[in-house]
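What follows is a single structure, written as structure tokens, with notes after it.
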Amino acid sequence: MELNIFVLALTSAVLHPWREFYIKQNSNPEGVCLAVMMVWTVLAALHAFWEGIELSSIKMIWPIALTSGCGFVCYFTFALRTYRDCDFSSYYPIIRAYPLFIAIFSFLFLGKFYSLILVFGIILVFLGAFFLQYRRGLGLLAQPKTLSLAVFAMIVHGFVTIMDARAVQTVEPMVQFFWVSLIAIIPLAVIFALTRPKESHVIEHLFGGWRQTPGSFIMVGTSAYVSYILMLMAFKLGGEVAALSSIRQASIPISVLIGGLLLKEKNIFERLIWSLVLASGIVLIILSN
């Protein structure tokens, strides 16, 4: 692999956890989530305009875009509940284990068979995920409800990834990105409004952060979009899909370091070890396909 492709993929991985980190540490994660989706939509539209690409081309695959948009709604609903109730360093790695779902889905519905390498990778993912959430003295599952939410978020992430992979075979990625983000904004706003604290005003809860920290909202949305674009650039330069996806798993141990250094979460060294086990399993799953 050429050095420039490797740097693009690694930079994408380094940027990826910061969206979830900002959502986790912010006092109003719902407002951050909506802000990120709004920034994505604007940047995708500007990107399409710059490239001279018609956003209306989505009409060729609108059912896929609609399905992905609904998937985004479910993903952020589950992910926000997960981050609210748990340590970032424990559950971000589990949510990022979506290649596990893709492998199982491909086996059950697409007729793909397991290789020994893939089976070993699945075992490593389960081991890593188990020990990331395990707490001595609290039983096998420290937070069963939170773990379930994280697994649901992981499954939806994998499903959306499958849909997006199909979509970009027909339309440009920023077209799919624009419509998926736009489709998700209104349902998410409704869900966040209905589940907001009783003492909080709807408009303030959803959009008050734009008045308080507009620069942070723009920065986190932009960094997430740049992470996505850098990976696309690596693909366009000839990067092999499995290799690039494997490099991107560097976001998992990075998220553990963020949890320890910035959020002051405990047991970081142990979690770092198990996050590396989980990431290694994901890499094996990716490379075995």
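The values are calculated or read from the model by the stated rules, or taken from the named source; none is laboratory data. Quantities reported herein were computed from a predicted structural model and do not represent experimental measurements. Neighbour counts run over all protein chains shown; Cβ positions are idealised from the backbone, glycine included.
Residue pairs, Cβ under 7 Å, 6 or more apart or interchain, first in the range 196-221 and farther than 23 Å from Glu20 by Cβ, second of a type in the set (A, V, I, L, M, F, W, C). List them.
Listed pairs, sorted by first residue: Val202/Ala193.
Does any residue of the range 16-30 turn out to be surrounded by fewer than 16 Cβ atoms within 10 Å (Cβ to Cβ), acidic (Asp, Glu) and farther than 12 Å from Leu188 by Cα?
Initial filter on the range 16-30 (surrounded by fewer than 16 Cβ atoms within 10 Å (Cβ to Cβ)): 25, 27.
Now drop any that are not acidic (Asp, Glu), which leaves none.
No, there is no match, as no residue in the range 16-30 is surrounded by fewer than 16 Cβ atoms within 10 Å (Cβ to Cβ), acidic (Asp, Glu) and farther than 12 Å from Leu188 by Cα.
Every residue, every condition in (1) at pLDDT below 80; (2) in contact with a strand residue (DSSP E or B) (Cβ under 9 Å, 6 or more places away or on another chain); (3) in a helix (DSSP H, G or I), yes or no:
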residue: Ala35; (1), (2), (3): no, no, yes
residue: Val39; (1), (2), (3): no, no, yes
residue: Ile53; (1), (2), (3): no, no, no
residue: Ile64; (1), (2), (3): no, no, yes
residue: Ile94; (1), (2), (3): yes, no, yes
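Take the residues in the range 69-91 that are crowded, with 21+ Cβ neighbours inside 10 Å and at pLDDT below 75; name whichever of them is nearest to Arg196 (Cα to Cα).
Per the criteria, the residue is Cys86.
Any residue at all in the range 191-203 that's assigned to a helix (DSSP H, G or I), surrounded by 12 or more Cβ atoms within 10 Å (Cβ to Cβ) and under 22 Å from the mean Cα position of the chain (by Cα)?
Our first condition is that a residue be assigned to a helix (DSSP H, G or I); within the range 191-203, this holds for 191-194, 202-203.
The next check asks that each one be surrounded by 12 or more Cβ atoms within 10 Å (Cβ to Cβ); those that pass are 191-193, 202.
Add one more test, that the residue is under 22 Å from the mean Cα position of the chain (by Cα), and what stays is 191-192.
The answer is yes; a qualifying residue exists.
List the residue pairs whose Cβ atoms are under 8 Å apart, where the first residue sits in the range 35-57 and is farther than 15 Å from Ile183 by Cβ and of a type outside the set (A, V, I, L, M), the second is in a loop (DSSP other than H, G, I, E, B) and modelled with pLDDT under 90, and the two are 6 or more positions apart or on different chains.
Pairs that qualify, where the first residue is farther than 15 Å from Ile183 by Cβ and of a type outside the set (A, V, I, L, M) and the partner is in a loop (DSSP other than H, G, I, E, B) and modelled with pLDDT under 90, are Glu51/Glu172; Ser57/Val171; Ser57/Glu172.
Has the range 73-84 got any residue that is in a helix (DSSP H, G or I), within 25 Å of Ala250 (Cα to Cα) and small (Gly, Ala, Ser)?
yes
Filter the range 42-90 down to the residues that are within 16 Å of Val171 (Cα to Cα) and in contact with a Leu (Cβ under 6 Å, 6 or more places away or on another chain) and list them by number.
Result: Ala48, single match.
Please state which one of Leu15, Leu46, Leu10 is over 18 Å from the mean Cα position of the chain (by Cα), more than 19 Å from Arg196 (Cα to Cα) and not aromatic (Phe, Trp, Tyr).
Values: Leu15 fails: over 18 Å from the mean Cα position of the chain (by Cα); Leu10 fails: over 18 Å from the mean Cα position of the chain (by Cα).
Unique residue meeting the criteria: Leu46.
Out of the residues in the range 1-15 that are of a type in the set (A, V, I, L, M) and crowded, with 17+ Cβ neighbours inside 10 Å, state the one that is farthest from Ala234 (Cα to Cα). First the steps, then the outcome.
First, the residues of the range 1-15 that are of a type in the set (A, V, I, L, M): 1, 3, 5, 7-10, 13-15.
If we keep only those that are crowded, with 17+ Cβ neighbours inside 10 Å too, we end up with 5, 8-10, 13, 15.
Details: Ile5: 5, Leu8: 6, Ala9: 6, Leu10: 10, Ala13: 12, Leu15: 15 Å.
Looking at the filtered set, the residue picked out is Leu15.
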